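Enquirer: One structure, as structure tokens, below. Some questions next.
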Amino acid sequence: MFGYGMSATPRAAFLLVFVLGSMPAGQQQEQVQQVTVNERVNVSLYYESLCPDSVRFVINQLQPTWQSMAPYMNIRFIPFGKSASGKYSDGTIVFFCQHGPKECSGNKMQSCALSLLSTQDSQVQFVTCVMSKSDPSLAGPQCAAQVGLNYQDVEQCYQSSQGTNLQLAAEQETNKIRRPLRFVPTVVYNDHLDQRKQDDSLDDFKGALCKHIAQPPPECSE
Ligand SMILES: *[C@@H]1O[C@H](CO)[C@@H](O)[C@H](O)[C@H]1NC(C)=O
């Protein structure tokens with residue numbers, strides 16, 4: 001449920017077709033080996049719905065970078081941040097969030113919507129939309145409409161144990177990285193937290209991403 005979802009044809013496949021079409025037969029094999037070196041960079045974003053730094057990152061870094069770099073990355077959103085779950089004596093699960101109950105509600109809503117959005121592009125659009133609103137916890141219906149998602153499905157997930165389970169999974173994912181997170185948002189490349197890369201990403205996400213690409217595409221120098 002927190003997988004990288006669907007994505008467009010990998011960059012390498014595009015190049016493969018191009019190279020095969022334009023190279024003399026004898027040189028094909030060597031060229032093909034070179035161009036398949038680029039793998040998509042796996043980027044995981046650990047964030048919170050009401051966190052101003054998360055809002056800034058999504059709007060100023062992630063969204064513009066996605067515009068040009070989508071073919072080179074897989075993005076995974078984990079809306080949990082510094083939240084924590086607890087359990088009442090009757091077994092009911094409760095979440096505590098850095099910016100209060102509204103943030104918990106916004107995180108759960110995003111977990112639900114993300115689980116229902118099958119393309120990374122629609123996920124980026126949705127998260128950007130929600131994080132742009134002054135009250136992300138209430139932005140659901142409007143942003144769902146923008147990506148063609150039926151908000152009733154989100155609501156159904158939100159009200160049921162499914163929403164709770166998605167947030168518990170997000171908590172586990174987050175704890176695997178660092179417990180508690182030192183800073184929100186935290187950006188992780190290929191499942192490995194590196195403090196310097198994290199710091200660089202907040203100022204220049206595209207630059208930090210490009211450093212992970214073996215053969216940086218022209219978009220990296222724009
Ligand atoms: C990215 O994630 C996919 C799917 O989990 C994996 O197959 C691939 O090896 C990862 N890429 C890198 C560069 O770690």
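Enquirer: Give, as residue ranges, the helices (runs of 4 or more DSSP H) completely inside segment 11-98 that count at least 3 residues that are surrounded by fewer than 21 Cβ atoms within 10 Å (Cβ to Cβ) and at pLDDT below 95. Even if it seems obvious, please write down each step before you answer.
Expert: Numbers: elements: 11-22, 28-35, 52-56, 63-69.
Helices (runs of 4 or more DSSP H) meeting the threshold: 11-22, 28-35.
Enquirer: Do we find a residue being within 16 Å of the ligand (Cβ to nearest atom), surrounded by 16 or more Cβ atoms within 10 Å (Cβ to Cβ) and within 15 Å of the chain's Cα centre (by Cα) anywhere in segment 131-149?
Expert: Scanning segment 131-149, I find no residue that is within 16 Å of the ligand (Cβ to nearest atom), surrounded by 16 or more Cβ atoms within 10 Å (Cβ to Cβ) and within 15 Å of the chain's Cα centre (by Cα), so the answer is no.
Enquirer: Within segment 103-117, identify whether any single residue is farther than 19 Å from Ser49 by Cα, part of a helix (DSSP H, G or I), in contact (Cβ under 8 Å) with a residue 12 or more places away in the chain and away from the ligand (no atom under 16 Å from the Cβ), and answer yes or no.
Expert: Here is the first cut: in segment 103-117, the residues farther than 19 Å from Ser49 by Cα are none.
No, there is no match, as no residue in segment 103-117 is farther than 19 Å from Ser49 by Cα, part of a helix (DSSP H, G or I), in contact (Cβ under 8 Å) with a residue 12 or more places away in the chain and away from the ligand (no atom under 16 Å from the Cβ).
Enquirer: From the list Asp121, Asp191, which residue is loosely packed, with under 13 Cβ neighbours inside 10 Å and in contact (Cβ under 8 Å) with a residue 40 or more places away in the chain?
Expert: Asp191
Enquirer: Can I ask one more? Looking at (1) small (Gly, Ala, Ser); (2) on the phi > 0 side of the Ramachandran plot; (3) modelled with pLDDT of 95 or more, which one does Gly5 not meet, given that it meets all the others?
Expert: Among (1) small (Gly, Ala, Ser); (2) on the phi > 0 side of the Ramachandran plot; (3) modelled with pLDDT of 95 or more, the lone unmet condition for Gly5 is (3).
The values are calculated or read from the model by the stated rules, or taken from the named source; none is laboratory data. Because the structure is a prediction, the values reported are computed rather than measured. When we count neighbours, we look across all protein chains shown, and the Cβ atoms used for this are built from the backbone with ideal geometry, even at glycine.
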